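Participant: One structure, as structure tokens, below. Some questions next.
What follows draws every value from the coordinates through simple rules; no lab data is involved. Small disclaimer: the values here were computed from a predicted structure and weren't measured. Heads up, the Cβs are rebuilt from the backbone with ideal geometry, glycines too, and the neighbour counts pull from every protein chain shown.
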Amino acid sequence: MDINMGNGGIGVPVVRRDAMAKVLGVAQYAADFPHENTAYAALTLSKVARGRISRLDTAAAEAVAGVRMVLTHRSLNESLGDETFVMKGGHMQSSFLPLTSDEIHYAGQIVSLTIADTLEAAEEAARLVAIDYAREAASASMDDAGLTEEPADSGIDVGDAEAAFAAAEVKVDATYVTPAQHHNPIELYAASAAWQDGKLLINLPSQWVMGTRAGLAKVFGIPIEDVHVESPYVGGAFGAKASILPHVVLVAMAARRLGRPVKLVVPREAGFTVGSFRPAARSRVRLAATRQGKLTAVMHDEVGQSAVIDHVAFAGMEATSKMYASPNIRMRAATVATDVNSPGFMRAPAEAPSFFGFESAMDELAVALGIDPVELRIMNEPARDPVSGLPWSSRLLVECYRRGAALFGWSDRNPKPGSMVAADGTLIGYGCATATYPSAMAPSSARVRLSADGSCVVYCAAHDVGTGAYTVLGQVAADVLGVPDELVTVEMGHSRHPSGPVSGGSITTGSAGSAVHMAARAVRERLFATVAAGQDRSKMTLADRHVVLPDGSRRAISDIIGGLPGGVIEEHADWKPTDMDDKTMQQGLAGGMAFAGPVGGTHVSFSFGAQFAEVRIDPLLRTIRVARMVGVFACGRIINPRTARSNLMGGMIWGASSALLEESQIDRARGRFANTDLASYHFAANADVGEVVVEMLDEHDSVVNAIGTKAVGEVGIVGMPAAIANAVYHATGVRVRKTPILMEDLL
Amino acid sequence: MMQQPISFYFDNRIVRVADQPITATVLAWLRGAVRRTGTKEGCAEGDCGACTVIVAELADEAGDAGGIRAGNLVLRPINACIRFLPTLHGKALLTIEDLAGLTDRALHPVQQAMVDCHGSQCGFCTPGFVMSLFATYLRHQAAQTTPDRAAIAHDLAGNLCRCTGYRPILDAAARMFALPPATLDTAPIEAALRAVAAETGAGLSYAAAGQAGPGARFYAPREVDALAAWYAERPEATLLAGATDIGLWVNKRFRDVGDLLYLGDVAALRCIEREGDVLRIGAGATLEAAWAALIGLEPALGEMALRFAGPPVRHAGTMGGNVANGSPIGDAAPVLMAMDARLVLQHGAQSREVPLDAFYLDYMRNDLAKGEFLRAILVPLPDPDTRMRAYKISKRFDCDISALSCGLAVTLEGETISRVRLAFGGMAATVRRARHAEAALHEAVWGEAAVRAAMAALDEDFTPLSDLRASRGYRRLVARNLLWRFWLETRSAAPLPAASVRVRTFAMAGAV
């Protein structure tokens, strides 16, 4: 094969190790796993948004040939362990488990699960489940009348922002709105469950196999080691698969009752309500500055849509409060409860909506001041976190802006809106915005095995949701052990492996990577100890499958390990983030949600980026096209420039999608999502994407973790919507304070 | 007609299927019955392309152009999720699992390029992209050409990816031609398809084993007369062509479509030919073939053809289906109406002609009688003095339903308009002509004053609705502005170059 595999190690653009299986079509996703004698499940969903089931008749469904079970709130009478919502310390996507009562809390709620010998029979029967509802008025939109805001946190206060704002010479006070959105990975939700000797094996696409294992053990009241969660390949996740979706519990329950494996693939339209989504949000941003452009007050009030069944806030002010130097800062978050399925994490859950408003407001301030938007940001660069006063573990935002501006050609920008016009009349706009994302860490375990032939296996219950973790974690081990990358195998995505963290919050490389690093170092130490007891190990190195001794002589790994019992060296490591206590670490390793950072005891760690967009707007049709995007990022050490670049680029395209296309529209009369298919829930097709340039600065962060990496997976989306909105303003003079920005917003 | 199993070439042999319901999809059969799980389900309605497979048939049986030629085969990328299995009878099915076998290396060049260029991240859309690229590879291999970036983007318009941002996949498409080539040996496939054709006789009549009665029968005749007679006797049956609509009725609306009468195997219906001063597009001709023929008459239609739908839909769906199903936002009808197209409708042995602009009676209602079917679309060859444009406005550039679309044409004698057709979709309950605006232009001088008058008159023609795709205000404004744009592009003095409005051209030019 003529793949250039490189030599492995850190910083090398190694080709993905899972790519071959994927291009051949042999990578097995959850829906692809065969089980003998599988029964198939189909869902029936509520047609109303709120009320009760007043009549339920399953006779016709049960009469369909091949139907084995129709699970409804009447027939689900098992006692289940009390597992809770993921945002309250549990693992469930929602506090509410469908079929546990006759209440309807949101449209599209699961009201029955039908199981049959064939999928066709299950689907037919699911349509024949007859239900009448006692319907009550519902509000699925936070804009409906009569809804009240509730404070979601105690806020952030530095100085006296209200007073400083009132006294300021130049100010901006504007409100920005972002819609509900759905992750819509191309892979559908799916689950298949099989019980054997009281043990549960479940195949599902998961960003958190350890959490899923712990949660299902609790739900079913069985020992944690009797649950096996398998998720070797995940067809995109973006936060959608980071908790246990209710249907997974129902499928496992049905399989236990039937004594037979049960498989469910959730149709695209049902995916809008059986899982979570990004809730709508409204940000009021107030900025005040001196005439010279120094910020004197930064205020950000965000109201987010939550659910009646789960009050949950995703406001991003922890990040916006840290963006710029200001002596006065005031941040408040609130929520409005609506009759929807529980909102959840979606790529940069807090930051993406918040930064659309915040960075649009910065642009408005730049306009009000007559200062270049890039310069305004640079002149307000904070030396330390303006909230905690702590130093940054690393922060190269200014360098990102300087490099990005040069790459983009920002100096060509005429600041006057509508002044840049192509020969054919097309309006051209340039915009920029800041991106950031917290670099949090979670405890992780890993095991590394080195064999006499130089091959190396890394085991960790982390996940590759498309990000490249299979490749990157192997590179960390290859780097420590001096073995070529093609001799490294990485096993992930199964709960039998050493505990790995949730693949959320852009933490996998830093957390699981640190654990792999630690385990690989332990392997190396044993190797050194074996080859030359008593010698100075700090002067020994590993290269090209040889140990290099202090005197320069070389000993082949094959000789050293070949002589050991079993012919391998294998080490396990439990890695704990700095600033985390042992108890929290143990909770994390046992499948609990345990995060450290981004504000630690001594430092504050964020990834940063400067993002630029050029839009082209047809003056007659108002169609908006993103011609170019440039993103320059500082994310600490980059293990694999190829995978990192692609994540950042994918994030930027998410940002462009968000700016111009993505919205889960709400049918307010019926209280439900209206565009529940890929024909009408728009995300970017390839023609929607123009030129994309991504650069990563060479940033060294010795504080954040053992390998110096910061968050990569989500930061790419964060600044893009505002950069595009700012470019639209620059092209047209029209300030659109909502996404998606539609053609008709420019009428 | 004799009952037969569905026979097609798959996995290097002829397979015979007798147990599947007539609306079983190719995707369900692949993933369920034969456990070929490389082909993925992402939407089950032809939106995402994760299920893209290749269907091949004998070129001399295929009846229309528009597919990809290899040997004596015509190959087409299609969405397996909305393709009914019985329509594969007499054809070959190639899936992602077949590719590596076409080379003595570990990977086909398409696959190798995707690996090299990081074209696969989460990997779920990957098999679909690989199969679309495989179609691109075959087409250019046969023609000994290499596509430019814009052509690659056109070929991938029917595949959605949520991870990569598409750039690496476009890179892979360029790289695959630089790798050691792999050739599809079509001989065994052709031999197998000839054998099936020989035993099929006058057509396929299929019902799943043990199934009988209404809704159990799939009938695929090979002659028009047989089709017409069968349909006249059973007008309650559903006429099936590319299934890009009907697949959704079944998958998403769970509609009982009754017996299926498939017109895709009637070669005479798939013909596109010039008859005197008319282009005759058989009702079964694919969108791909029909648009190519229309572009041959009017090159300005190229952009509309590309944006009509992605390749897997264009290679499966038919222009006849798009016209006959008659959605108010169908994109073919405005173009055809601007070209004065007529429809040939047939019932039993009787046929009649109806002007397209008289065909649509009301929302989703047309002039077809029970048991009558669309046989052909007749398009008069345009007068050389005709200036024509078609525009499609949608939120997303590709793979999106129009907010509005239009076909606009003026024929000039000198600078005076002797004929004018302004047909709009998305502005009313049916696609229809803007008669008031046309009147404002008729016999006027093709100039700014007349265009302004026509723009104003559009308000009398249409009272568009606000819906999820666009507001009434936007539709009104943009319909007027499209008229203005039409004039800018077609005026005699200093016309705006068309390239400047083809935004994809510009986006691609800027890509690196």
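Participant: For chain A, what does the relative contact order come out to in percent, with C-alpha contacts under 8 Å and a separation of six or more? Spell out each step's value before the answer.
Facilitator: Numbers: 2003 pairs, mean separation 126.0, N = 747.
It comes to 17 percent, rounded to a whole number.
Participant: Another question, if that's okay. Separation between the B:Q350 and B:S418 pseudo-spin-labels, each 7 Å from Cα along Cα→Cβ, expressed in nm?
Facilitator: Computed distance between label sites B:Q350 and B:S418 equals 3.7 nm.
Participant: Decide, for chain B, between rounded, prolate and oblate: order the square roots of the alpha carbon gyration tensor eigenvalues as a ≥ b ≥ c, take rounded if a/c falls under 1.5, and otherwise choose prolate if a/b is larger than b/c, else oblate. Write down the numbers at each step before the final one.
Facilitator: On the way: a/c = 1.92, a/b = 1.31, b/c = 1.47.
Oblate is the answer for chain B, as a/c is 1.5 or above yet b/c matches or exceeds a/b.
Participant: Okay, next question. By a straight-distance test (C-alpha under 21 Å), which lysines pair with A:K241 as possible cross-link partners, with residues fewer than eight away in the same chain excluded?
Facilitator: Cross-link targets: A:K22, A:K88, A:K218, A:K263, B:K40.
Participant: Then there's this: If you put +1 on each Lys and Arg Cβ and -1 on each Asp and Glu Cβ, how big is the dipole of chain A around its Cα centre, in Debye rounded to 20? Don't skip to the end; give the middle numbers.
Facilitator: Working: 66 positive and 81 negative charges, 69 e Å.
Charge dipole of chain A: 340 debye, to the nearest 20.
Participant: Still on this structure, I have one more. Please report the orientation-averaged projected area of the protein assembly as shown, defined via the convex hull of its C-alpha atoms, in nm². Each step should come with its number before you reach the end.
Facilitator: On the way: hull surface 193.1 nm².
Over every viewing direction, the Cα hull of the protein assembly as shown projects on average to 48.3 nm².
Participant: What length, rounded to one decimal in nm, is gained on full extension from A:R55 through to A:I222, with 0.36 nm per residue of separation minus their alpha-carbon distance?
Facilitator: Working: separation 167, 0.36 × 167 = 60.12 nm, distance 3.46 nm.
The A:R55-A:I222 span can extend by a further 56.7 nm.
Participant: Quick one: length gained pulling A:S101 to A:E375 fully straight, 0.36 nm per residue minus the C-alpha distance? It would help to have the intermediate numbers written out before the result.
Facilitator: On the way: separation 274, 0.36 × 274 = 98.64 nm, distance 5.75 nm.
Result for the pair: 92.9 nm of gain on full extension.
Participant: So, one more: Using +1 on the beta carbon of Lys and Arg, -1 on that of Asp and Glu, and nothing else charged, what's the dipole of the protein assembly as shown about the Cα centre, debye to 20?
Facilitator: Numbers: 119 positive and 135 negative charges, 112 e Å.
Here the protein assembly as shown has a charge dipole of around 540 debye.
Participant: If you don't mind, there's one more thing I want to ask. Once each part is reduced to its C-alpha centroid, what is the distance from the range A:559-582 to the range A:153-197 in angstrom?
Facilitator: 40
Participant: Can you return the lysines within cross-link range of B:K392? Criterion is Cα-Cα under 28 Å, with same-chain partners fewer than 8 residues away left out.
Facilitator: The qualifying lysines are A:K738, B:K252.
Participant: Excluding B:E61 itself, calculate the net charge of residues whose Cβ lies under 10 Å from the Cβ of B:E61, where each Lys or Arg counts +1 and each Asp or Glu counts -1. Numbers along the way, then the final one.
Facilitator: Working: positive: B:K91, B:R194, B:R222, B:R270; negative: B:E57, B:D60, B:D265.
Within the 10 Å Cβ shell, the charges total +1.
Participant: Only helical DSSP H runs with n ≥ 4 go in: add -39500 (n - 2.57) per run for chain B, normalise by residue count and round the 222 nm mean residue ellipticity to 500 deg cm²/dmol. Please list the in-between numbers first.
Facilitator: Details: 18 runs with 164 residues, N = 512.
Counting only the DSSP helices, I get -9000 deg cm²/dmol.
Participant: In whole angstrom, note down how far apart the Cα centers of the range A:599-623 and the range A:57-81 are.
Facilitator: Their Cα centres are 50 Å away from one another.
Participant: To continue, here is another question. Need the C-alpha centroid separation for the range A:650-671 versus the range B:242-318, integer Å.
Facilitator: If you average the Cα positions of each part, the centres end up 32 Å apart.
Participant: Among B:L345, A:Y324, B:F397, whose Cα projects farthest towards the positive end of the dipole of the protein assembly as shown, with charges put on the beta-carbon of Lys, Arg (+1) and Asp, Glu (-1)?
Facilitator: The Cα lying farthest towards the positive end belongs to A:Y324.
Participant: Now, a different point. Tell me which of B:L102, A:I741, B:I329 sits at the most positive position along the dipole axis of the protein assembly as shown, charges placed on C-beta atoms (Lys, Arg +1; Asp, Glu -1).
Facilitator: It is A:I741.
Participant: Take every Cα-Cα pair in chain A and report what % of them are more than 41 Å apart. Numbers along the way, then the final one.
Facilitator: Details: 93175 of 278631 pairs.
Considering chain A, 33 percent of its Cα-Cα pairs are separated by more than 41 Å.
Participant: Can you figure out the FRET efficiency of A:A65 with B:D340, using R₀ = 35 Å and their beta-carbon distance, to the nearest 0.05?
Facilitator: Numbers: r = 54 Å, r/R0 = 1.54.
My answer for the efficiency is 0.05.
Participant: In addition: Place +1 on the Cβ of every Lys and Arg and -1 on the Cβ of every Asp and Glu in the range B:104-178, take the dipole about the Cα centre, and give the residue among B:A178, B:V115, B:C125 whose Cα lies farthest towards its positive end.
Facilitator: B:C125
Participant: Rounded, prolate or oblate: which one fits the range A:32-143, using the alpha carbon gyration tensor with axes a ≥ b ≥ c (rounded when a/c is under 1.5, else prolate when a/b beats b/c, else oblate)? Don't skip to the answer; put the middle values down first.
Facilitator: On the way: a/c = 1.98, a/b = 1.28, b/c = 1.54.
Note, shape of the range A:32-143 comes out oblate.
Participant: Determine the relative contact order of the range B:271-506: mean sequence separation of Cα pairs under 8 Å and six or more apart, normalised by residue count, in whole percent.
Facilitator: Numbers: 469 pairs, mean separation 39.1, N = 236.
17 percent.
Participant: At 0.36 nm per residue, and after removing the present C-alpha to C-alpha distance, how many nm does the segment from B:D185 to B:A369 gain when stretched out fully?
Facilitator: Details: separation 184, 0.36 × 184 = 66.24 nm, distance 4.64 nm.
Result: 61.6 nm gained on full extension.
Participant: Starting from the Cα of A:K576, draw a straight line to each of the aspartates and glutamates and keep only those under 18 Å, dropping any in the same chain fewer than 8 residues away.
Facilitator: Hits, sequence-local ones excluded: A:D701.
Participant: Between rounded, prolate and oblate, where does the range B:357-512 land on the alpha carbon gyration tensor, with a ≥ b ≥ c its root eigenvalues, rounded for a/c under 1.5, else prolate if a/b exceeds b/c? Provide the component values of the computation, followed by the final result.
Facilitator: On the way: a/c = 1.42, a/b = 1.12, b/c = 1.26.
It is rounded, given that a/c, with a ≥ b ≥ c, falls under 1.5.
Participant: Using +1 on the beta carbon of Lys and Arg, -1 on that of Asp and Glu, and nothing else charged, what's the dipole of the range B:104-178 about the Cα centre, debye to 20?
Facilitator: Details: 6 positive and 5 negative charges, 22 e Å.
The dipole magnitude comes to about 100 debye.
Participant: Please state the relative contact order of the range B:104-178 as a whole percent: Cα pairs under 8 Å, 6+ residues apart? Don't skip to the answer; put the middle values down first.
Facilitator: Values: 70 pairs, mean separation 37.7, N = 75.
The value is 50 percent.
Participant: Let me know the volume per residue of the alpha-carbon convex hull for the range B:104-178, in Å³.
Facilitator: It is 84 Å³ per residue.
Participant: Based solely on its DSSP helices, what 222 nm [θ] is calculated for chain A when runs of n ≥ 4 H residues each add -39,500 (n - 2.57) and the sum is averaged over all residues, nearest 500 deg cm²/dmol? Please report the intermediate quantities before stating the final value.
Facilitator: On the way: 18 runs with 187 residues, N = 747.
Dividing the helical sum by the residues of chain A leaves -7500 deg cm²/dmol.
Participant: Alpha carbons only, please: Rg and Dmax for the range B:180-333, in angstrom.
Facilitator: Just the Cα atoms of the range B:180-333 yield Rg and Dmax of 17.6, 56 Å.
Participant: Here is a follow-up. Ranked by Cβ crowding within 10 angstrom, fewest neighbours first, how are B:C271, B:C125, B:C399 ordered?
Facilitator: Details: B:C271 17, B:C125 31, B:C399 25.
Listing B:C271, B:C125, B:C399 from fewest to most nearby Cβ atoms yields B:C271, B:C399, B:C125.
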